[in-house]
Amino acid sequence: MKKLDKTNHSQCTGIIRPVQDALDVLNGKWKLPIIVALLHGYKRFSEISRQVPGITDRMLSKELRDLELNQLVKRTVYDTFPVTVEYTMTNYGETLKDVIEALHVWGENHRHKIFGEDLLPVSAKKDHLG
């Protein structure tokens, strides 16, 4: 049996903690789809709701509050009648673009590896084949 190396253990812990912190902030079924919608510009509540199929207004409101508390999303209220509220990513939230893109590429590769080309959408097959 191999003896536990304290250096490797601390290095591993040093990697796991920040990854766990990131996952805690982005945790749940809805946060990443909301972020993807907002990375495409300012959105009103109803626009986000339409772009994230299946989410309830109550859940969207909760998730937007969580993202705002974590300084990823900015909520702007305009003094109009009726009141207009817009959401956008903060500069800090914009730093997730590369993470989202990396997840997108990995997800496409994973689907291809696990399911094969036959289950890719026709447009993806066309693009994939050139």
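Below is a table of values for the structure above.
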item	result
Part-to-part distance (alpha-carbon centres) for segment 7-44 and segment 50-120, which is given in Å	12
For peptides 81-90, 24-33, sequence by mean Cβ density within 10 Å, most packed first	24-33, 81-90
Among V77, Y87, M59 - extreme Cα towards positive end, dipole of segment 29-92, charges at beta-carbon	M59
Anisotropy class of segment 29-92 from Cα gyration tensor, a/c 1.5 cut	oblate
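Every read-out reported here was derived from the displayed coordinates using simple, explicitly stated rules and does not represent laboratory data. These numbers come from a predicted model, not from an experiment. Positions of Cβ are generated from backbone atoms using ideal geometry, with glycine treated the same way; all protein chains shown enter the neighbour counts.
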